[in-house]
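First the structure, in the form of structure tokens, and then the observations on it.
Values quoted throughout were computed directly from the atomic coordinates according to the rules given, and no laboratory measurement underlies them. This is a predicted model, so every value here is computed, not measured. Note: ideal-geometry Cβ built from the backbone for every residue, glycine included; neighbour counts use all protein chains shown.
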Amino acid sequence: MDVVAARRTLAGQPVVHGIHALLWSLDGLYQQVPDLPAVASISVRFEKMIYLGVRTSAVLVDRSRDGIRLDVLSEGRTAVTVRLVFGHPVPSPETCDRGEAFQPREPISLTFDDMVDYQGCAPFFSPAEAVVRLFPYAARALGGERIAGLACSSFIVGMICPGRHSMYRSLKFATTSPANADGNRLHFSVTHADPRFRLVRLAITGAGWHGSLDAHALPPPTSQPTMDEIATKVVGDEFRGTSALVIGGTRGLGELIGKILAVGGADLTLTYSVGEADAHGVQAQIAGHGGRCEIMRYDVRAAADGQLQSLERMPDQIYYMATPQIFRQSRSLFQQKYLDEFLAFYVSGFYDLHAALRQKYGTDFSMFYPSSIYVDTRPRDMTEYAMAKAAGELLCADMQAFERSGRIVMRRLPRLPTDQTASLVEERMADPIDLMVAIIREIQAGQVATRATSTT
């Protein structure tokens, strides 16, 4: 829900809670079709993220004598599927209080091993009456306790188990009667844990429901190597005398490049667009290792010349690591708005910065432009990204060929461990330290050679 924190998750930006989308769609269903038969069971699968500001609709896909299928569409693609089976509730199963009652105010952090055989109960975070007021039509049809129980299931997933790093995947609940037999709480216990996909299955009982839900225990946000780890790959003060500017240097590969340069003795300026706290955190790590680092706010979508006024020294190496969210969900192969955003970062922003630096300091500098192997091998939903990176490569080539510009080093990078490349299934990736140290050394050598030629 927080913009800066969301950048480090698989979603990449704030999203709508899946259970909220479910309750919203059920409320709309029962508002439009209030005379549906009683529900015996509900099955829900959360297929895609629903981002803020995206047009979303609930569509009654199928209705028969036995039940209903309801789809929640986000930008035309199915985000949530809901199936209701008509029939009568079954008697509430007997429950016993095993494990503690959880009412955390902060998400619990569990290892995957901790989750095996985990159990307890979760009292409703909000009174059932408060949830009923939000979804009155669904509550009238299914019962207020059941609606509050569905909401509580999301609390279990996100706050208790899997907890801090989690994603709700699906649920299969049967209705029980009476709905309030267990009071305002849900009992849960982990019945299955699959480490291959970091999947846990929880048995759920209470609030008029009996069944199970599946959730993924997500990997925590990707942390870049520490200064001590980097120091084992850098030779003494090999970058001393270098003044470097890293655009987008407070997370991901930009953070790593900044740390490598600082370990090697360079004077460093890191920029951030959002996430000032992250910037100060990286600065503190560098200072704690004896490095020299300034930070400044810089937005590649705004004019560069005015923003560079706060730059305290002339940089001789610039690393252009600014990026928006890379992986997108799209209803079609190509969307102009995504291409426009990528071009603003990877083409216009890069050229504007280069022109402003050249006007301010001349041409005695080198710039690094990171392209991607996805220009050649494009996964689904990355057409616009690949197009923009290809355009950036062409721009770099023409700037070197037709302008008296500083030296530009462009490399197509493989998939490296960052927040934007994290996934549920662990993948083997290249060592980011070895790769980036080699690139920085190449740029450093070229800079030294250029200065020697100029002096001669």
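Placing R0 at 60 angstrom, the Cβ-Cβ distance between GLU100 and GLN309 gives a FRET efficiency of 0.60 after rounding to 0.05. In terms of overall dimensions, the C-alpha atoms belonging to the chain reach 91, 43, 35 Å along their principal axes, ordered largest to smallest. Sorting the segments 437-444, 216-223 by their mean number of nearby beta carbons within 10 angstrom, highest to lowest, gives 437-444, 216-223. In the chain, the longest principal axis of the Cα atoms and the axis of helix 276-288 are about 50 degrees apart. Segment THR363..ALA397, full-extension length gain: 10.6 nm, with 0.36 nm per residue of separation and the alpha-carbon distance subtracted. Every Cα-Cα pair in the stretch 321-441 was counted, and those over 23 Å apart are 37% of them. Summing charges over all other residues whose Cβ lies under 10 Å from the Cβ of SER372, with Lys and Arg as +1 and Asp and Glu as -1, gives +3. Pull out a ≥ b ≥ c, the square roots of the eigenvalues of the alpha-carbon gyration tensor of the stretch 202-344, then state rounded if a/c is under 1.5, prolate if not and a/b is larger than b/c, and oblate in the remaining case. Oblate, since a/c reaches 1.5 and b/c is not below a/b.
With a 10 Å radius around each residue's Cβ, average the other Cβ atoms per peptide and rank 150-156, 32-38, 286-292, highest first. Before the final figure, lay out each step's value.
Numbers: 150-156: 24.0, 32-38: 11.4, 286-292: 14.7.
Ranked from most to least packed, the peptides come out as 150-156, 286-292, 32-38.
Cross-link partners for LYS172 among the lysines, with Cα-Cα distance under 28 Å and sequence neighbours closer than 8 places in the same chain left out: LYS48.
Computed from Cα positions, the angle between helix 144-155 and the longest principal axis of the chain comes to roughly 30 degrees. For the residue pairs LYS337/LYS389; LYS233/LYS389; LYS233/LYS259, alpha carbon separations beyond 23 Å are given by LYS233/LYS389. Each part reduced to its alpha carbon centroid, the stretch 340-397 and the stretch 71-125 end up 45 Å apart. The modelled label-to-label distance between VAL235 and GLU129, using points 7 Å beyond Cα along the C-beta direction, is 7.5 nm.
Count charges around SER273 for me, please; just the other residues with Cβ under 12 Å from its Cβ, Lys/Arg as +1, Asp/Glu as -1. Local charge sum for SER273: +1.
Tilt of helix 18-32 relative to the longest C-alpha principal axis of the chain, in degrees (0 to 90, nearest 10)? It works out to around 50 degrees.
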